[in-house]
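Below is one structure, written out as C-alpha cells, with a few remarks after it.
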Amino acid sequence: MTNDTLSRELLALFRADQQERKNPPPVDTPAYRLLRRRDEQRRQRVRDIVAAAGPALSAENLYFAALVLHHGGNIDEVQQAHQLAQKSAGMGHRPARWLTAATLDRWLMMQGQPQKYGTQIVPDGHRFRVWEVDPATTDAERANWDVRSLARQQQRAAEMTQTDPQPDMARAPDWLKAALKRWQHDETSA
C-alpha cells in the first residue's frame, strides 16, 4: 500500500471514530458493546497502519492514529497514543497538543496515579469527577497544552453529573474500582 492509501485510510478511521462519539449509546447496553467492538477493530487497523508506514506518517496522520488509539481499553494502546500525539505535536500539529496532555493523563490514571493536566473525568457511581490531579500543575501549564483550566474541568464534571447516567460500577476496570475504594475510604474518614 502507498502512503497516500494509508493516509486516506487513517483519515477514514479517524472520522468513523469521531462520528461514533457524537451520539454514543449508553454504557452497558448492547449498542455500546458493539461500539466498543468497532473501536477495537479500528484500533487494530491503526496499529497495523502505523507499523507498516513507520516514520513516513505525517504529523496529521500521527494525530489521527493517536486519537483512535487513545480510546483504547488497555494501557499499552494509551501509551502508544501518547507517543504518537507527542510526535505529532513536536512536528507542529496544533490539535495534537491537547491530545498529548490527554493521553498522558489517561496513561497515569490507568496506573492509579494522579493526572498531570486534569483532562480525565470519571464516574464514581454517584457523580462524575475529575480524576486526581497533580497539584503542582498550573492552569498556565494547562493552557500551554490547550487544556481547559482545572475549574472549567470541574464545572464540566458537574454538568455531566446532571446529564449523563452513571454506568454499572461493577463493570468498571480494575484501576477505577481501586479508586472507588480509595474515595469511599476518604469520604468515610473525613
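Nothing in this text is a laboratory measurement; each read-out follows from the coordinates by a stated rule. Please read all numbers here as calculations on a predicted model, not as lab measurements. Neighbour counts are summed over all protein chains in view; Cβ atoms, including those assigned to glycine, are modelled from backbone coordinates with ideal geometry.
Computed over neighbours whose Cβ is under 13 Å from that of residue 8, the net charge equals -1, Lys and Arg +1, Asp and Glu -1.
If the segment from residue 111 to residue 41 were pulled out straight at 0.36 nm per residue, it would be longer than the present Cα-Cα gap by 22.8 nm.
Using 0.36 nm per residue and subtracting the Cα-Cα separation, the extra length available between residue 74 and residue 4 on full extension is 22.3 nm. Of the complete DSSP H runs in the chain, those spanning 18 angstrom or more by Cα along the long axis with a mean Kyte-Doolittle score not below -1.0 are 3-20, 75-90, 95-110.
Taking the number of Cβ atoms within 10 Å of each Cβ as an exposure proxy, the fewest-first ranking of 49, 75 is 75, 49. Once the Cα-Cα distance is subtracted from the 0.36 nm per residue extended length, the residue 168 to residue 156 segment shows a gain of 2.2 nm. Comparing the chain with the 2.2 N^0.38 Å rule of thumb, its C-alpha radius of gyration ratio is 1.07 (two decimals).
This ranking places 161, 119, 138, 188 by how few other beta-carbon atoms lie within 10 Å of each, fewest first, which gives 188, 138, 161, 119. Calculated translational diffusion coefficient of region 105-190 (4 °C, 1.567 mPa s; Stokes-Einstein with Kirkwood radius over alpha-carbon pairs) equals 96 µm²/s.
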